[in-house]
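First comes the structure, then the notes that go with it.
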Amino acid sequence: MEILPARRGFLKNLMAVGAMLVLPASLLAALVRPQAAFKADSATGSVQSLFGQDAVEAADKIRLKVPDIAENGAVVPVTVGTDLEGVESITIIIDNNPTPLSANFNLTDAVSAEVSTRVKMGKSSPVRAVVKAQGKVYYTTKEVKVTIGGCGG
């Protein structure tokens, strides 16, 4: 009778290891959090940590949907989308937050290049959407006025 639970445990562990071996390496790499970029205390530091010294250029093919005035900085909806080909990542940076990097999404061609999330904003600030596509880095910016702070304010 004691063999049955041991066999079930063995089979459960065997299937877990098998699933890990089948997962694509790109999926596992996407689970790694860019610690240095999230710890940077400036927008420039976050961008350099994520993309190195790559030139970042303005692009009108990035759609950044964020309110002009956020009545509550604790919950600010942000949507970023683009029609650029070969999108590798979409990043949201809030310049005046204590930790400017708010979100970083690694994408593949299998998904639509559009993300939506909610961010906290401590005070009025430019919101930047940074898109890496085909090895190049593009951005767009929109100023958001916050009436009630959300990052400890």
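The values are calculated or read from the model by the stated rules, or taken from the named source; none is laboratory data. Here the structure is a predicted model, which means the values were calculated and not measured. Because the Cβ atoms are built from the backbone with ideal geometry, glycine has one as well, and the counts that use them run over all protein chains shown.
For region 97-114, the set of residues classified as more than 10 Å from the chain's Cα centre (by Cα), of a type in the set (S, T, N, Q) and farther than 14 Å from VAL66 by Cβ consists of THR99, THR108, SER112, listed by residue number. Take region 75-127 and flag every residue that is farther than 26 Å from LYS39 by Cβ and touching a helix residue (DSSP H, G or I) at 6+ places or on another chain (Cβ under 9 Å). Of everything in region 75-127, just one residue is farther than 26 Å from LYS39 by Cβ and touching a helix residue (DSSP H, G or I) at 6+ places or on another chain (Cβ under 9 Å), namely THR108. The set of residues in region 131-153 that are assigned to a loop (DSSP other than H, G, I, E, B) and under 23 Å from GLN48 (Cβ atoms) comprises GLN134, GLY135, CYS151. Answer with yes or no whether ARG128 is of a type in the set (D, E, K, R), in the same structural domain as ALA40 (by TED's automatic domain parsing), crowded, with 19+ Cβ neighbours inside 10 Å and in a strand (DSSP E or B). Answer is yes for this residue. For VAL137, the requirement of being within 11 Å of VAL66 (Cβ to Cβ) and either without any contact (Cβ under 8 Å) to a residue 12 or more places away in the chain or buried (at least 18 other Cβ atoms within 10 Å of the Cβ) (or both) is not met. With the structure loaded, tell me whether SER116 is among the hydroxyl-bearing types (Ser, Thr, Tyr) and either in a strand (DSSP E or B) or crowded, with 17+ Cβ neighbours inside 10 Å (or both) or whether it fails that test. Taking the combined requirement at face value, the residue satisfies it.
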